[in-house]
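The structure under discussion appears below in the form of structure tokens.
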Amino acid sequence: MLEHLESISEDIVKLESTSVRSVSLHSRRLYAECRLLHSLLELRDPDVSDATEDKWERAVTRLDMAIIIVGAPGEGLLDLILDTIEVIQAEYLPMRDCPRHIALTPEVSLPSVDVGCLASNIVPRIPPPSVSTFRRNSALPFILSGFINDWPALTNHPWNSPAYLLRVSGRGRVVPVEVGSDYRTDDWKQKILPWEVFLRGIGVTTDPHNEKKNGSEYGSQFDVAGIGKEALYLAQHTLLTQFPALRSDIVVPDYVYSSPLPPSTFPMYHPPGNDGKLVINAWLGPMGTLSPAHTDPYFNCYAQVVGRKTVWLAPPQFDHEMYPFSHPNAPNTTRSTPTLPSDKEVIQQTTPSLSNTSRVDVFTPATLDATPFPLFEEFVRPSAFCAVLQPGDLLYIPPGWWHAMRSEDVSFSVSMWF
């Protein structure tokens, strides 16, 4: 029976090879329910005490795939899957020793960052505006320095600690990651990797002589050394839904709930279509991770939790001058405005959008010598903004604005679309 359930669930996701989103809600729910039932039956097996840890890790991975691939749709299904993962981990997968110290940087001051992006302006850093002021004046980007410094993710539940991240996830968890530094290139691909393997891949090393650094109970941090040959990036993933303990480590700013008016530069704005009108995504990757210039149709409060990140922004009116892939002279691609699942669904995008992505590399001026983008140089660069986000900073991005990101260290960020 277990093999039959597994066969059914695999057949369902093959119904539509182009996109999981094109599979019916009924089929997606059936896929998730088959995976859940498979794991529940294993728990009821009379020989359950003889099962190996490998078997239970596979059971947890099977349940994670129901969350990642189809979003665990349906009332209460996501919570039931998460509860089952917790039971399996508590009963059969005790935590192994976690790495104790993993240094983000040497014990010296952080090196300065050469911003090196094609912009003539600096993103302004301002005092936190009142919610009513923000609602009336939300047309331009800004940075609130240190605004999230009191988040648990930066204090007693440190996200710069792989030991903490492994502890809150437990064993057997997997995540969707991008492989390759730039999704515009042919060698870019996606993989499902064990969470622990991914953390090692972005630079986790152990140092038994340095426990409890910086007064932290966990004492572990990232290290830019030891990064694998292939750049790994957990990008635009609802990690905080998959690992609910992390959701308790952030505090959503009041601005997110202010129902701001559509800006004149993007009058077609509509909030996300889920029940909460809010989508929270995580972004975690090594130094050098790149998100090329692109647009999103929502307001965005972008919180920099770990490491530093250079950001580049330009106003929405320069669509033509940004040379997007949907430009008449660009390769023929298809892309629509992101559609959002219901409030408790977690569907990973299988391919990034290209029609809202620029062909200009805003972080390497040499590109302009090799590929002519004269309209960008004449119109966009004088109006573009650049800045380096520090841990604790909150960046506000209005809808429709072009923006690009480059990690200067191992970087962990949270975006809040509203």
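The values are calculated or read from the model by the stated rules, or taken from the named source; none is laboratory data. Please read these numbers as outputs of a predicted model, since none were measured by experiment. Backbone-built Cβ (ideal geometry, glycine too); neighbour counts: all protein chains shown. Protein only, heavy atoms only, side chains kept; ligands, DNA and RNA dropped before computing areas. Shrake-Rupley method; radii C 1.70, N 1.55, O 1.52, S 1.80 Å.
A few remarks follow.
- With the simple model of a label 7 Å out from the Cα in the direction of the Cβ, Val197 to Val251 spans 3.9 nm.
- J(HN,Hα) series, the range 404-418, from Karplus relation 6.51 cos²θ - 1.76 cosθ + 1.60, nearest Hz, glycine and proline x: 9, 9, 9, 6, 9, 9, 4, 10, 10, 10, 10, 9, 10, 7, 8
- Table column - 3J(HN,Hα) (Hz), the range 173-181, Karplus curve with 6.51, -1.76, 1.60, x for Gly and Pro: 7, 10, 9, x, 10, 8, 10, x, 7
- Rounded to the nearest whole Hz, the Karplus-based 3J(HN,Hα) values (6.51 cos²θ - 1.76 cosθ + 1.60, θ = phi - 60°) of the range 241-246 follow the sequence 7, 5, 10, x, 4, 5, with x at glycine and proline.
- Exposure ranking of Asp150, Asp409 by accessible area [1.4 Å probe, largest first]: Asp150, Asp409
- Stretched out straight at 0.36 nm per residue, the stretch from Glu91 to His26 would grow longer than its current Cα-Cα span by 20.2 nm.
- Amide H within-cut-off set for Val305, under 5 Å, with H built and near neighbours excluded: Gly392, Phe412, Ser413, Val414
- A probe of 1.4 angstrom, applied to the heavy atoms of all protein chains, finds Val131 with accessible area near 60 square angstrom.
- The loop-placed chymotrypsin sites (Phe, Trp or Tyr not before Pro) in the range 257-292, going by DSSP, that have at most 16 neighbouring Cβ atoms within 10 Å of their Cβ come out as Tyr269.
- Here's how it looks for His237: its modeled amide H is under 5 Å from those of Ala282, which are all 5 or more places away or on a different chain.
- Ile126 sits among other residues whose Cβ lies under 15 Å from its own Cβ, and their net charge, with Lys and Arg +1 and Asp and Glu -1, is +1.
- Shape of the range 229-305 from the C-alpha gyration tensor: oblate (a/c of 1.5 or more and a/b not above b/c, with a ≥ b ≥ c the square roots of its eigenvalues).
- Neighbourhood charge, 11 Å Cβ-Cβ cut-off, centred on Tyr257 and excluding it, Lys, Arg +1 and Asp, Glu -1: +1
- The residues neighbouring Lys309, those whose beta-carbon lies less than 10 Å from its own, together hold a net charge of -1 under the Lys/Arg +1, Asp/Glu -1 convention.
- Computed E for Ser383/Lys189 - FRET, C-beta separation, R0 35 angstrom, nearest 0.05: 0.50
- Between amide H atoms placed 1.01 Å from N, distances below 5 Å from Gly273 occur with Leu340, all of them 5 or more places distant or on a separate chain.
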